[in-house]
Each structure stands twice: as C-alpha cells, then as structure tokens.
Amino acid sequence: MQNEFMHLAKEYFAKGASTELRVQRNRTRRTTLLKGNLVRNIRSESKGLCARVYKDGMYGFASSTDISKEAIISAVNAASENAAFLAGRIQKENKGLAQIESGSRQKDEEIKDLPQQTYIDFMRELDGLIEKRYDRLLSRTISVHCDSQEKIIQTSDGYSANIVLPRSYVYVTLSAEGKDGNPVELFTVAGSGGTFDSNFDDPAKLLPKVDELYEHLMKKAEGVYAKAGKKTCILSSDLAGMLAHEAVGHTVEADIVLGGSVALNLLNKQVASPLVSLVDFAHTAFGQTVPLPVYVDDEGTLAKDCVLIEDGILKNYMVNRELANVFNMEPCGNARAWDFNDEPLVRMRNTFILPGESSLEDMIASIDDGYYLLSSANGQADTTGEFMFGITCGYEIKNGKIGKAILDTTVSGVAFEMLKTVSMVGKDIKLSSSGFCGKKQPMAVSLGGPAIKCEINMGGR
C-alpha cells in the first residue's frame, strides 16, 4: 500500500497540537467447507485514512475513505475543530500526553493477496483426507480465515511507521455421536501470524493435529459429566491464556481501571500466587518473535514489554499516552485501532503467563481427585474479575492419573482470588493467536503460557 502524500503530511499538521495521521487497509478472506460443500466464500476490504489531534486536553478525530492530499488536510482540520469543540464543553484536568521517542520504522514483509481458489483447493484436499481417515464422524467443517492490516502512520512527535500485520488460520471442527445419542463436538486450529502461503503448504501436515482432535472426540463421545463444586484442576496453556486475557488483562487496561475495575486499588498488592507472573509482550518473548508482533502502536509509541504481574504482585496497568500521565506510568505501545475509522484504544497485544518449573506429569500426579481442562469454546469476564468459561474438552484426574473424558461444562471464579490458589506452574508454554478481542472494536491478539494447577469452581452437568 503506497501513498505519495504521506511524506508531506507533517506540512498539514495542526499547529501547537499533537497530531496523528494513519492510512490503513484491512483485508479479510474467509472460506468454509461443511461435509465437502462450500458454504462460505468471503473477500472483504476496507481502506481509508484518519487524523487525530490532541489539543487543550481533548482528542478530536476524523476519517475519510478518500486518500489524497485534500483528504489529509480536511481530516486534520476536522479533527482540530472537533478537539476544540470538546475542550470548550467538557471540563477535565489536562495532564497532557506522555513524552515518547521519535523515529521511523519500515515494514519487513509484503502481503500476498492469494486468489480465493487457493484456500478452497487446500480445504478440499484436507477434507478428502479427513473423510477417508475417520469413520465415526457425523460431520466435519473446515474453515480458512486470513486477515491483514497495512498501516502508514505519521505523527507530530513520535514514530513514523509502515506496518504490515498478516495472520492466517485453518480451523477443523469434528462431531460424532455420543453414548447417549446426542452429538459431541470439538475443534482445533492451526496457524499464526504470517500470510497463508508462509504458514501452509501441504494439507497432510495438519493430519497429526487432526488425529489428536479425533482421539479426544472419541473419548468425549464416551464421556461423563463433571461433578459440580470447587475442584483442584489443571488448566491447559490455552485456558490459562484465556484467563490471563479475559479475567486479568481487561481489568488492568487503564481506561477500564478509570471506569472502576477491581484493579483500581490493587497496584503493588498481592493479586496472585508468588508463582504467577504475567507480561503483555510487544514483539519478542522466550527468545522468539511472538505470533502477532507490535513494534510501534497507532499513537506512534515504540512498543515495549509491559510487566503486569510479577511474582504475584500487580506492577503496572496498560496505558496510552494520555493515561500514562494520569497514572504516572511509561507508555509501552498499547494504543491500537482495528480499522482506519477507529480511534486507538488501550489494548492487549501478546499476553502470556510466564513458565514455571513443574512438568505436566508431576502436576497430574499431585492430584488425587480433580480435572485436567484442555479447551474452551467461549468465555466472559467483567471488571470485577469474575469469569465464566465454557469447557469443551477435559478429563478426570483420579489418584494422580488421567481418567475418563468429561462432557461440556463450565468453570467460574474471581480471577485475582483464583490466581492466589495456584500451587504449580508448568515449564512448557503454548501460544495462541487465532481469536479476536471484542473491546468496542475487534482486535487481533495472542495469549497463552504454561499449564497451571489451581482451585476453581466446576459447573457440573
């Protein structure tokens, strides 16, 4: 995505104000096969520019689907007028914006816009392999989801950047008949940040992952209902990551903190077991690039890691430039916008619990009567830290050994109370990046970490 006007943009910026200009294109490609039949085939794209101006303690925002010199001038002027309008009508303390580094960053890859037939051919080949391989299925669904963001950002006092953020995934959902005649279902997902052609070259390479899914499905078909009550459980990396994002991460986003989240009065206090540390990583973790790296955010702030919980102590909130001054914290690049007509909000990036020292085998062996919970299809949490997740795959633990699979159930609790019960943290980590965070606008995020042993409320049947 090229724009010959962007190098001239600063000529049109508002005088005596902080100005951000962003040109952006989002692409989404989705295809789905249901039992070999194509039931979804979508290509969508949005493209435009936006300007945001901070003046007299207020932000003004304006956007346009036109990308031209005239559109830049119009958007900056409209954003300036909107800031002045709000400043004249809303009374609040003006703490200004945190100072940030200035510089530039250029994109390090190109987006390959593959034809839709590429995804369809891949799915059909994988579907054929699945149909021949497994004989007890009621249904099978294969979906491809690819999206990308391309951004050119110019700011008056921060980084100028050209950013490319692609990601691509293949979802496989299988269903079978349970022992009571009702269907049971499980899904798995493969993929990560990167374009489809870089992540997938041979459908047969996904079969080991689908074999594992089918094995869990067959055990679930013979599964039993979990017993309700407070239980000792091991949460898999996926569930620990969801907990970190939904029930903890949102409560420590500074705008939600200002709105009255439970974290408002917990800074520098014990909120979890000393075994628990939680970090919102920018672009590198555990010696490798994270699934969805963020190098510069949409306010032009150079992205850095943000330590949220260290050895059980709440250390920081995630902030943008404005709220950094409110809470006297360093902005780490958490201001993110999904589309060209969205304003940047305080958002998570790659939020992981840090690994511990326990093996999964030792964690299982330490439990006489409990559960090993592997996956969830949905979850919800609120600003009090209360959460409820639907469990789709899990197993009993009896006398230190894995027992029968369990049917769909729920888990619930209060995050900062439940995390205090963590008694073991696994040494192996797993990262997931296929979901969206839905805070006012969608956002691609990644989450994960190790398995954790804790006390949690099981919903039972």
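For segment 295-310, the candidate set comprises residues that are assigned to a loop (DSSP other than H, G, I, E, B) and in contact (Cβ under 8 Å) with a residue 60 or more places away in the chain; within that set, the residue that is most open to solvent (accessible area, probe 1.4 Å) is Tyr295. Within segment 148-185, being open to solvent by less than 10 Å² (accessible area, probe 1.4 Å) and either under 17 Å from Thr32 (Cβ atoms) or free of Cβ contacts under 8 Å to residues at least 60 places away in the same chain (or both) holds for Ser168, Tyr169, Val170, Val172, Leu174, Ala176. When Pro355 is tested against (1) outside any loop (DSSP other than H, G, I, E, B); (2) closer than 14 Å to Met424 by Cβ, only condition (1) is not met.
Examine segment 392-409 for a residue that is open to solvent by 60 Å² or more (accessible area, probe 1.4 Å), more than 19 Å from Gly241 (Cβ to Cβ) and acidic (Asp, Glu), and state whether such a residue exists. Yes.
With respect to being at positive phi and crowded, with 24+ Cβ neighbours inside 10 Å, Gly287 falls outside the description. For residues in segment 132-142 being more than 16 Å from Lys205 (Cα to Cα) and in contact (Cβ under 8 Å) with a residue 24 or more places away in the chain, which is surrounded by the most Cβ atoms within 10 Å (Cβ to Cβ)? Among those residues, the one meeting the criterion is Arg140.
Among the residues of segment 216-264, the one identified as touching a helix residue (DSSP H, G or I) at 6+ places or on another chain (Cβ under 7 Å) and charged (D, E, K, R) is Asp255. Would you check if there is a residue in segment 262-282 being of a type in the set (A, V, I, L, M, F, W, C), free of Cβ contacts under 8 Å to residues at least 24 places away in the same chain, out of contact with any Cys (no Cβ under 9 Å at 6 or more places or on another chain) and closer than 25 Å to Gly379 by Cα? Checked against the condition, which is being of a type in the set (A, V, I, L, M, F, W, C), free of Cβ contacts under 8 Å to residues at least 24 places away in the same chain, out of contact with any Cys (no Cβ under 9 Å at 6 or more places or on another chain) and closer than 25 Å to Gly379 by Cα, segment 262-282 yields at least one hit. Within segment 100-118, track down each residue that is out of contact with any Pro (no Cβ under 9 Å at 6 or more places or on another chain) and not in a strand (DSSP E or B). Glu101, Ser102, Gln106, Lys107, Asp108, Glu110, Asp113, Leu114, Pro115, Gln116, Gln117, Thr118, listed by residue number. Just one of Glu125, Glu110 is out of contact with any strand residue (DSSP E or B) (no Cβ under 8 Å at 6 or more places or on another chain), open to solvent by 90 Å² or more (accessible area, probe 1.4 Å), of a type outside the set (Ser, Thr, Tyr) and closer than 24 Å to Asn199 by Cβ; which is it? Checking each option against the conditions leaves just Glu125.
If you check Asn320, Asn265, Asn325 for being surrounded by fewer than 24 Cβ atoms within 10 Å (Cβ to Cβ) and within 22 Å of Asn94 (Cα to Cα), only one passes: Asn325.
The values are calculated or read from the model by the stated rules, or taken from the named source; none is laboratory data. Since this is a predicted model, take the numbers as computed values, not measurements. Here Cβ is always computed from backbone atoms with ideal geometry, including for glycine, and neighbour counts include all displayed protein chains. Only protein heavy atoms, including side chains, enter the accessible area calculation; ligands, DNA and RNA are left aside. Shrake-Rupley method; radii C 1.70, N 1.55, O 1.52, S 1.80 Å.
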